[in-house]
1. Is at least one residue of the stretch 293-301 loosely packed, with under 10 Cβ neighbours inside 10 Å and closer than 20 Å to residue 261 by Cβ?
2. Would it be correct to say that residue 335 is part of a helix (DSSP H, G or I), more than 29 Å from residue 170 (Cβ to Cβ) and within 24 Å of the chain's Cα centre (by Cα)?
3. Please work out if residue 161 is modelled with pLDDT under 95, closer than 30 Å to residue 318 by Cα, touching a strand residue (DSSP E or B) at 6+ places or on another chain (Cβ under 8 Å) and surrounded by fewer than 23 Cβ atoms within 10 Å (Cβ to Cβ).
4. Quick check on the stretch 291-322: of everything there that is in contact with a helix residue (DSSP H, G or I) (Cβ under 7 Å, 6 or more places away or on another chain) and at pLDDT 95 or above, which residue is farthest from residue 167 (Cα to Cα)?
5. As an exercise: evaluate residue 316 against (1) in contact with a strand residue (DSSP E or B) (Cβ under 7 Å, 6 or more places away or on another chain); (2) on the phi < 0 side of the Ramachandran plot and give the number of the one condition it does not meet.
6. On the given criteria, is residue 77 touching a strand residue (DSSP E or B) at 6+ places or on another chain (Cβ under 8 Å), closer than 24 Å to residue 170 by Cα, buried (at least 16 other Cβ atoms within 10 Å of the Cβ) and at pLDDT 55 or above?
7. Restricting to the stretch 278-316, what's the tally of residues that are in contact (Cβ under 8 Å) with a residue 60 or more places away in the chain and within 18 Å of residue 354 (Cβ to Cβ)?
8. For residue 332, are the conditions met, namely being without any contact (Cβ under 8 Å) to a residue 12 or more places away in the chain and not assigned by TED's automatic domain parsing to the domain that holds residue 141?
């Protein structure tokens, strides 16, 4: 195919209607965003109008490590900031296999039926060997992903602690600016990701299984102390007795913890996400929590404290990045690593030497 034929084929493909239930106006916007060249102003404008394609592109810029993309992302975040902070951010965690994706699909669909717009930021664990991620949350939430009021964004955790960090927090701001009322942040469910998610959400929900030997493990890890609610999932079928026993155990465990600063007393709820049972009760509880923390002004106080935390976190990340990108440090690091291998220095002495060069 010569260049003339290629140009004609491209023009023809762009003029064809998009497949699926897409309106002419939406199709026009999507074709516009298919072009490689776009201005940050146009992208911000479309994002503030609730365009999910623009939101997806904005988050892609946030996740990119390219310098030009980072500058574009900074422009978007600054422009979106005055329109953010109008949602409730809910962190959802639990061990792998507890049914997080099924619960989020059931819960998100219920919220949409209540007139809400729901954004789901699901962090997929990255392989430590291949550094790749499956990013399969959209396939697991096949019903929710088709709803116009839902936005699902699976992101690779990369090398960040627990899979969530600054990029997730900035993505939350863009989702809020795009008009999403409820932001659901699903953690990897392993490691220290729960602590990080807790630092960027308003309500922290812990999903548990009954009869899986998970009760004492959860108490030992201290994650129960962070939770604003414990939801025992898969409360159906032959699991009823185990579920009731688990609820009793968790209620007893919650009595051992000191009162929360929010003055909210964590509750234990039962749910069967597969059969949409108990979802309504969970949303009712979260609304009661929001009313309480608004009345005692903890909601606003918590958001301010989180902003301060992320200020220091950003400074630490920036200093760490600048340290390792320093050419002098790179050369000296190689030398110190070789000396450690040859038992000519200790890790502590090597670190002290490297820091003196910064």
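1. Checking the stretch 293-301: at least one residue is loosely packed, with under 10 Cβ neighbours inside 10 Å and closer than 20 Å to residue 261 by Cβ.
2. Values: part of a helix (DSSP H, G or I): yes; more than 29 Å from residue 170 (Cβ to Cβ): yes; within 24 Å of the chain's Cα centre (by Cα): no.
Considered against the rule, which asks whether it is part of a helix (DSSP H, G or I), more than 29 Å from residue 170 (Cβ to Cβ) and within 24 Å of the chain's Cα centre (by Cα), residue 335 comes out as no.
3. Criteria not met by residue 161.
4. My answer is 293.
5. The number of the failed condition is (1).
6. no
7. Count: 0.
8. So residue 332 does not fit the description; no.
The values are calculated or read from the model by the stated rules, or taken from the named source; none is laboratory data. Bear in mind the structure is a predicted one, so any value in this text is a computation, not a measurement. Here Cβ is always computed from backbone atoms with ideal geometry, including for glycine, and neighbour counts include all displayed protein chains.
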